[in-house]
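Novice: Pasting a structure below so you can have a look.
The values are calculated or read from the model by the stated rules, or taken from the named source; none is laboratory data. If you're wondering where the values come from, they're calculated on a predicted model, not measured in any experiment. Don't worry about glycine lacking a Cβ; one is built from the backbone with ideal geometry, like all the others, and counts go over all protein chains shown. Accessible surface is based on the protein model in full, side chains and every heavy atom, while ligands, DNA and RNA are left aside. Shrake-Rupley method; radii C 1.70, N 1.55, O 1.52, S 1.80 Å.
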Amino acid sequence: MEEQKTTIEVKSLSIGYKNYAVAENINFELQPKELCAIIGVNGIGKSTLLRTLGKLQPKLSGEILVEKQLLENYNPSDFAKQTSVVLTEPIASKNLTVKELITLGRQPYTNWLGSLTATDKKYIVESIQSFELEEFTGKKCHELSDGQLQRVLIARAMAQDTPLILLDEPTTHLDLYHKVQILKLLQQLAHQYSKTILFTTHEIDLAIQLCDKILILDGQENPFAPPCELIKEGCFNTLFPSEMVKFDAKTGTFKVNK
Amino acid sequence: MQSKAKSYQFSFILLLGVLLFTWFLNISSGSVNIPIKSTFSALFNGEVPIDSWKYIIWNYRIPKAFTAILVGGGLALSGLLMQTLFRNPLAGPFVLGISSGASLGAALLLLGSSLLSGFAVFGFLNDVSLVIAASLGSFLVLLIVMLVANRVRDTMALLIIGLMFGSVTSAIVSVLAYFSDAEQLQRFIFWSYGSVGNLSWNQLILLASIVFIGVLLSVFSIKKLNAFLLGENYAQSLGVSLKKSRLLIIIATGLLAGSITAFAGPIAFVGLAVPHLTRQLFNTMEHKILVPAVFFYGAILMLLCDTIAQLPNSASVLPINAITSLIGAPVVIWLLVRKRKLLF
C-alpha cells in the first residue's frame, strides 16, 4: 500500500484578529482525493479559517502544515504553487474574458512578463475542458451568470495546479441545481485529479451527501470526521438552537420545528 | 496570450502610422505658416526658403512634438496603472489628487519663495527644483491616497478623498497667491494652464529620462498588474507580494505624473480617458498589450490636442488644458452613456 500523503495538517490552531480570537482548538488533516466541508453558524469563523489557511491573514497560534511544511516558511510564490483559492469577494475587473481569467491561474509558473509555455497552455485547455467552458472562453465575466462565473473561478484555481484548493462559500447565490452542479464538480476534481479540496458552506444536507470529511466549527470541540460518523455522534443536533430546527439522523437533513 | 499578441500586431502598426502622421501634422502647423514641403526639407536638412523656419522647426516645434508624445503617453500610462491598482475606472492622476499634489509642490516653490526667501537666495528656482517639488507633491498625495486605500476598501470614498485633496490644494494655492507678487503669480498661472512647448532640448532630455524610468517600471509591473485585475487577495494567492508591487506601481505613477505635471502643468483628462479609449480598440485586459497601446494612444491624442491648441495659421495659442478637457470630458460621458457602465 502506498504511503499516506498528507496535504494539509492543522494542529491546535487559533484564528482571529489582533485583539480577539474568533475560533480556537482547530485540528484536522486531509489527504489527496478528499473533499471536506467546513460548516458552522454565521460568524463562527469559517471564512476567517479559510483565509488563514490561504495565508491571506496571519494565524494567532498553533500550526498549519501544507505538504509537510509550515505555512510561515513558504515564500509567496512557492505557496502559490501549493494552494489556490476561490473567494467570496467579487473579482476586481469583470472586464476580463474567461480565458484571460483562467490564464491568470498560471502566474506562479510564468516568467517575469507572464509568457505562457506549452505546459501552461496545456493546463489552461485542460481546465477549460473539465469545466465545459469552451463556449465561454471569449466572453467577458460580466456577461456570465453567477453559476457560470463560479465555474470559471474554480477552473482558474484548477489551472493553478495546486495540491490544495480552498473555496469560500462556493455555492452562495446559486439555485439548488447549480449548487449541486458546483459541489459535484468539486467532488470530481478531488477524486479524479487527486486534489485536496476544503470549502466553507451552509449547504449541510448536500455536504453530508457529497463530502468525504466534514469539519464542524462550533466554538468548542470543532469535531472533524466523515459525515456518517458525525451523524452517529450526534454532532449536528447541537449545531443550531433546537427550538427552531432539528436534525433528522435517518435522512441526514434538517427539519423545521412546526 | 501570445497568439493574441500577434493578432494585435496590425493594430500596433496602425497606431505607429497614426503617431507618425500626427507627429508630422503637429510640427507642420503653428503660428508661423511654413509650407509642408519646406517642413519636409527642414526635417531632412534640405534647403529652406527662409532660414528662421529651420530654426523654428528644430528648436521649437520638434521639442514640442516630442514633449507632447512623452506627456500624453506618460499621463495615459499613469492613468492605466492607477485604474488597475485602485480597481477603479475613474482613477487617474487628476481625479485622485495626484496632479493637485504636483500643483501644490509647484505652487509652494513658485509662489512660496517670497515667503520662504531662502529659496530665492539660493537661486533654486530652476527647472530641476520645479520637477523635484512637483514630483514630491504628487508622491506625497499618492502615499496618502494609498494609506487611505488600505483602510478604506470603498473606492467611492477614495475618489471623494482625491477631490478633497484637490480642494485643499487649491485653497493653499489661493492663500499663497494672495501673498505673492504679480510676476510669480503669472508664472504659476501660466504653468497651471498646461503647455507642452517652451522646453529646451536639455529639459526634454531630462523629462524623457524620467518618463523612460517610469515606463520601464511599468513594464516590470505588467505581470503584477494582471494579477491585480482579480483583486488584492487573489493577487496575493497568486504569489504577488502586495507591498512591493504596490510600491513599484506607485513609484512608477509618481515619476510619470509628477515629472510630466512639473514640466507641462496639470493636464486634465488624458490619464482618465485614454485607457478607456484604448480598451475600445484593444479588447483585452492583458497589460502586455495595454501598456504599450495606452502609451501610443495618449501620445497621439496629445499631439492632436496640441495641434488644435496652436490654432493653425493664427498667432494665438490656447491653453492645452482647455483642449484636453474639451475633448476628454465628452469622451467619458459618451463612454458612460453608450456602455451604461465604465468597466476597467
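Novice: Take the conditions open to solvent by 40 Å² or more (accessible area, probe 1.4 Å) and at negative phi and apply them to A:E67. Does it pass? Spell out the reasoning first.
Specialist: Details: open to solvent by 40 Å² or more (accessible area, probe 1.4 Å): yes; at negative phi: no.
No: the conditions fail for A:E67.
Novice: Where residues in segment A:14-59 are modelled with pLDDT of 95 or more and of a type in the set (D, E), which of them is nearest to A:H191 (Cα to Cα)?
Specialist: If we take residues in segment A:14-59 being modelled with pLDDT of 95 or more and of a type in the set (D, E), then A:E34 is nearest to A:H191 (Cα to Cα).
Novice: Any idea which residue in segment A:41-54 is farthest from the other protein chains (Cβ to nearest Cβ), counting only those that are in a loop (DSSP other than H, G, I, E, B) and surrounded by fewer than 22 Cβ atoms within 10 Å (Cβ to Cβ)? Lay out the reasoning, then the answer.
Specialist: First, the residues of segment A:41-54 that are in a loop (DSSP other than H, G, I, E, B): A:41-45, A:54.
From what is left, the residues that are surrounded by fewer than 22 Cβ atoms within 10 Å (Cβ to Cβ) are A:41-44.
Details: A:V41: 24, A:N42: 21, A:G43: 20, A:I44: 21 Å.
My answer is A:V41.
Novice: So A:D168 passes all but one of these: (1) within 14 Å of another protein chain (Cβ to nearest Cβ); (2) surrounded by fewer than 16 Cβ atoms within 10 Å (Cβ to Cβ); (3) in contact with a helix residue (DSSP H, G or I) (Cβ under 8 Å, 6 or more places away or on another chain). Which condition number does it fail?
Specialist: (2)
Novice: Here is a list: A:F236, A:F247. Which entry is assigned to a strand (DSSP E or B) and open to solvent by less than 60 Å² (accessible area, probe 1.4 Å)?
Specialist: Working: A:F236 fails: assigned to a strand (DSSP E or B).
Of A:F236, A:F247, the one residue that is assigned to a strand (DSSP E or B) and open to solvent by less than 60 Å² (accessible area, probe 1.4 Å) is A:F247.
Novice: Something else now. Limited to segment B:67-107, what total is found for residues that are open to solvent by less than 10 Å² (accessible area, probe 1.4 Å), aliphatic (A, V, I, L, M) and not in a helix (DSSP H, G or I)?
Specialist: Selection size over segment B:67-107: 2.
Novice: Okay, moving on. Being away from every other protein chain (no Cβ under 11 Å) and small (G, A, S) is the filter; apply it to segment B:210-261 and report the residue that is farthest from B:L104 (Cα to Cα).
Specialist: Step one: of segment B:210-261, the residues away from every other protein chain (no Cβ under 11 Å) are B:210-218, B:246-261.
Then drop every residue that is not small (G, A, S), which leaves B:214, B:218, B:252, B:254, B:257-259.
Values: B:G214: 21, B:S218: 25, B:A252: 20, B:G254: 14, B:A257: 14, B:G258: 11, B:S259: 14 Å.
The qualifying residue farthest from B:L104 (Cα to Cα) is B:S218.
Novice: May I ask you to verify whether A:V98 is open to solvent by less than 10 Å² (accessible area, probe 1.4 Å), at pLDDT 95 or above, farther than 20 Å from A:L217 by Cα and under 16 Å from the mean Cα position of the chain (by Cα)? Spell out the reasoning first.
Specialist: Numbers: open to solvent by less than 10 Å² (accessible area, probe 1.4 Å): yes; at pLDDT 95 or above: yes; farther than 20 Å from A:L217 by Cα: yes; under 16 Å from the mean Cα position of the chain (by Cα): no.
Answer is no for this residue.
Novice: Picking from B:I260, B:I300, B:I250, which residue would you name as being β-branched (V, I, T), within 27 Å of B:L110 (Cβ to Cβ) and modelled with pLDDT of 90 or more? Step through it out loud before you land on a result.
Specialist: Details: B:I300 fails: within 27 Å of B:L110 (Cβ to Cβ); B:I250 fails: modelled with pLDDT of 90 or more.
Of the residues listed, the single one that is β-branched (V, I, T), within 27 Å of B:L110 (Cβ to Cβ) and modelled with pLDDT of 90 or more is B:I260.
Novice: May I ask you to verify whether A:K121 is on the phi < 0 side of the Ramachandran plot, surrounded by fewer than 20 Cβ atoms within 10 Å (Cβ to Cβ) and either more than 8 Å from chain B (Cβ to nearest Cβ) or of a type in the set (D, E, K, R) (or both)?
Specialist: Details: on the phi < 0 side of the Ramachandran plot: yes; surrounded by fewer than 20 Cβ atoms within 10 Å (Cβ to Cβ): yes; either more than 8 Å from chain B (Cβ to nearest Cβ) or of a type in the set (D, E, K, R) (or both): yes.
Considered against the rule, which asks whether it is on the phi < 0 side of the Ramachandran plot, surrounded by fewer than 20 Cβ atoms within 10 Å (Cβ to Cβ) and either more than 8 Å from chain B (Cβ to nearest Cβ) or of a type in the set (D, E, K, R) (or both), A:K121 comes out as yes.
Novice: Something else now. Which condition does A:M158 not pass, out of (1) facing another protein chain (nearest Cβ under 10 Å); (2) open to solvent by less than 30 Å² (accessible area, probe 1.4 Å), if it passes all the others?
Specialist: That leaves (1) as the condition not met.
Novice: Considering each residue of segment A:85-100, count those that are of a type in the set (S, T, Y) and within 7 Å of chain B (Cβ to nearest Cβ), and give that number. Step through it out loud before you land on a result.
Specialist: Taking segment A:85-100 as the starting set, the residues that turn out to be of a type in the set (S, T, Y) are A:88, A:93, A:97.
In the following step, the residues that additionally are within 7 Å of chain B (Cβ to nearest Cβ) were identified as A:93.
Of the residues in that region, 1 qualify.
To keep it simple, each residue is scored yes or no on (1) facing chain B (nearest Cβ under 10 Å); (2) touching a helix residue (DSSP H, G or I) at 6+ places or on another chain (Cβ under 9 Å); (3) within 29 Å of A:L210 (Cα to Cα); (4) crowded, with 22+ Cβ neighbours inside 10 Å.
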site: A:A23; (1), (2), (3), (4): no, yes, yes, yes
site: A:G62; (1), (2), (3), (4): no, no, no, no
site: A:I102; (1), (2), (3), (4): no, yes, yes, yes
site: A:L113; (1), (2), (3), (4): yes, yes, no, no
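Novice: Got a sec? Which of A:G54, A:G43, A:G114 is over 24 Å from A:L149 (Cα atoms) and of a type outside the set (V, I, T)?
Specialist: On the way: A:G54 fails: over 24 Å from A:L149 (Cα atoms); A:G114 fails: over 24 Å from A:L149 (Cα atoms).
None of the others qualify; the one that does is A:G43.
Novice: Given the conditions (1) surrounded by fewer than 19 Cβ atoms within 10 Å (Cβ to Cβ); (2) within 12 Å of A:L167 (Cα to Cα); (3) in contact with a Phe, Trp or Tyr (Cβ under 8 Å, 6 or more places away or on another chain), and given that A:I38 satisfies all but one, which numbered condition is not satisfied?
Specialist: Of the numbered conditions (1) surrounded by fewer than 19 Cβ atoms within 10 Å (Cβ to Cβ); (2) within 12 Å of A:L167 (Cα to Cα); (3) in contact with a Phe, Trp or Tyr (Cβ under 8 Å, 6 or more places away or on another chain), the odd one out for A:I38 is (1).
Novice: Here is a list: B:L206, B:L158. Which entry is closer than 25 Å to B:A252 by Cβ and modelled with pLDDT under 85? Step through it out loud before you land on a result.
Specialist: Details: B:L206 fails: modelled with pLDDT under 85.
Going through B:L206, B:L158 in turn, the sole match is B:L158.
Novice: Do we find a residue being open to solvent by 20 Å² or more (accessible area, probe 1.4 Å), farther than 30 Å from A:I91 by Cβ and outside any helix (DSSP H, G or I) anywhere in segment B:169-187?
Specialist: yes
Novice: Could you list, in sequence order, all residues of segment A:168-182 that are within 23 Å of B:N233 (Cα to Cα) and out of contact with any Asp or Glu (no Cβ under 7 Å at 6 or more places or on another chain)?
Specialist: Selection gives A:D168, A:E169, A:P170, A:T172, A:I182.
Novice: Would you mind telling me which numbered condition in (1) within 19 Å of A:S194 (Cβ to Cβ); (2) out of contact with any Asp or Glu (no Cβ under 6 Å at 6 or more places or on another chain); (3) within 14 Å of chain B (Cβ to nearest Cβ) A:Q82 fails?
Specialist: Failed condition: (2).
Novice: Residues that are open to solvent by 30 Å² or more (accessible area, probe 1.4 Å) and of a type in the set (F, W, Y), at least 3 per element: which helices (runs of 4 or more DSSP H) completely within segment B:1-66 meet that?
Specialist: B:9-28
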